[in-house]
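Remarks on the structure that follows.
Just so it is clear, none of the values below were taken in a lab; they were calculated from the coordinates. On a predicted model such as this, the values are computed, not experimentally measured, just so you know. Here the Cβ positions follow ideal geometry from the backbone for every residue, glycine too, while neighbour counts run over all protein chains shown.
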Amino acid sequence: MLELRNVSYLVDDSDAGSQKEIIKDISLTIEDGFVAITGPNGGGKSTLAKLIAGIITPTGGQILFNGEDITNLSVTERAKKGVTYAFQQPVRFKGLTVKDLLTIAAGKNVSFNEVCGFLSEVGLCAKDYIDREVNASLSGGELKRIEIAMAIARKTPLTLFDEPEAGIDLWSFQNLIHVFENIHNKSGGSIIIISHQERILNIADRIIVLANGEIKDSGTKEEVLPKLLAGAAPSPAIPTDSSLGCPTLLNKMQ
């Protein structure tokens, strides 16, 4: 179980000569399950995910994981506790192969069959990728899928994905959803996904709407999604991804 108690995050605003509050006194409890965090761009979603993962530290409040205060633990320390974070823009690791990354993620030596299983779940053929170096030769979409495969290999109690649909290109969006369901079923823990995509929100057990650094709504998809759809409209700034066949929500919240 993940618990946030009055969590805030302030940054220096040099233009205003003061501090800007990005996350505002958020209290939140996430039980085991599939949780989607959505809301307008710039509303604090990615910042909240980074606070949970330990990439940045709250300027106020506490973060507890399974009853333990992890507020001041590093990313590495939280990973050891069972928190996995998948970056919005995957990192390239020059000199490491795909198999190396999956071995590190699994925390043990993995067989070819295991690697094949991890990669096939994200639509990649093991024989084409197992020995490939994770460098500029891989596309953003390939890197994103490999990072998701690493999350599958880790099988941690809490996995955070920041807009995982970005860069998936021609890969079936339905397969991506199936992957998330499998991760949840196999780990038995929590998955937190930051997304604007309606089809991801539609399979979540719970939807949290974040805007202006505050929780504006929270509840089951039956409770929250109809309200989001009622306030959604097409926007040139956030286009429909035709390759996924899946519209992006633009939330009109004050």
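So, with +1 on the Cβ of K and R and -1 on the Cβ of D and E, and no other charges, what is the size of the charge dipole of the stretch 2-230 about its Cα centre, to the nearest 20 debye?
The calculated dipole for the stretch 2-230 is roughly 480 debye.
Quick one: Cα convex hull volume of the stretch 7-164, Å³ per residue? Could the numbers behind the result be given before it?
Details: hull volume 22.4 nm³, N = 158.
In the stretch 7-164, the Cα convex hull volume per residue is 142 Å³.
Search the structure for amide H atoms under 5 Å from the amide H of THR71, placed 1.01 Å from N in the peptide plane, and list their residues when 5 or more places away or on another chain.
ILE63
Give a residue-ordered list of calculated ³J(HN,Hα) values for the stretch 26-32 (Karplus: 6.51 cos²θ - 1.76 cosθ + 1.60, θ = phi - 60°; whole Hz; x for Gly, Pro).
Calculated HN-Hα couplings, in order: 8, 10, 7, 10, 10, 7, 4 Hz.
Show me, for the stretch 197-202, the HN-Hα J-couplings you get by feeding each phi into the Karplus relation (A = 6.51, B = -1.76, C = 1.60, θ = phi - 60°), rounded to Hz, glycine and proline as x.
7, 4, 5, 6, 4, 6
Given LEU225, ALA86, HIS196, which one lies farthest toward the positive end of the charge dipole of the stretch 2-230, if we put +1 on the Cβ of every Lys and Arg and -1 on the Cβ of every Asp and Glu?
Projecting each Cα onto the dipole axis, the largest value belongs to ALA86.
Only counting other Cβ atoms within 10 Å, I'd like ASP13, ASP162, ASP32 sorted with the fewest neighbours first.
ASP13, ASP32, ASP162
Under a straight-distance cross-link criterion of Cα-Cα below 17 Å, which aspartates and glutamates are reachable from LYS127, leaving out those fewer than 8 residues away in the same chain?
By straight Cα distance, LYS127 reaches ASP100, GLU114, GLU142.
Straight-line reach from LYS50: which lysines have Cα under 26 Å away, leaving out those fewer than 8 places along the same chain?
In chain and number order, the partners are LYS20, LYS24, LYS80, LYS81, LYS94, LYS144, LYS155, LYS186, LYS216, LYS221, LYS252.
Under 5 Å between amide hydrogens, which residues at least 5 positions from GLY60 or on another chain qualify, with H placed 1.01 Å from N in the peptide plane?
Those lying under 5 Å, H to H, from GLY60 are SER8.
So what are the ³J(HN,Hα) numbers for the stretch 147-162, from phi and the Karplus equation (6.51, -1.76, 1.60; θ = phi - 60°), rounded to whole Hz, Gly and Pro as x?
Values, residue by residue: 5, 5, 4, 5, 5, 5, 5, 6, 6, 8, x, 9, 10, 10, 10, 9 Hz.
Students often check this: by mean Cβ neighbours within 10 Å, which of 201-210, 220-229 ranks highest, and how do the rest follow?
201-210, 220-229
If the reach is capped at under 15 angstrom between alpha carbons, list the aspartates and glutamates near LYS45, excluding any in the same chain fewer than eight residues apart.
Within the straight-line limit of under 15 Å, LYS45 reaches these aspartates and glutamates: GLU21, ASP25, ASP162, GLU163, GLU214, ASP217.
Give, in nm to one decimal, the length gained when the segment between LEU64 and ALA230 is fully stretched (0.36 nm per residue of separation minus the Cα-Cα distance).
Going from the current span to full extension adds 56.3 nm.
Between SER137 and ASP13, 0.36 nm times their residue separation minus their Cα-Cα distance comes to what?
40.8 nm
How far, in nm, would the chain grow between LYS186 and GLU214 when pulled straight, counting 0.36 nm per residue and subtracting the alpha carbon separation?
Values: separation 28, 0.36 × 28 = 10.08 nm, distance 3.18 nm.
Going from the current span to full extension adds 6.9 nm.
Could you rank the peptides 101-112, 73-84 by their average count of other C-beta atoms within 10 Å per residue, with the highest value first?
Going from most to least packed, we get 73-84, 101-112.
So, how do all the Cα-to-Cα distances of the stretch 121-221 break down into 5 Å bins, in percent, from 0 on up?
Taking all Cα pairs of the stretch 121-221, the binned fractions are 2, 11, 21, 23, 18, 13, 7, 3, 2, 0 percent.
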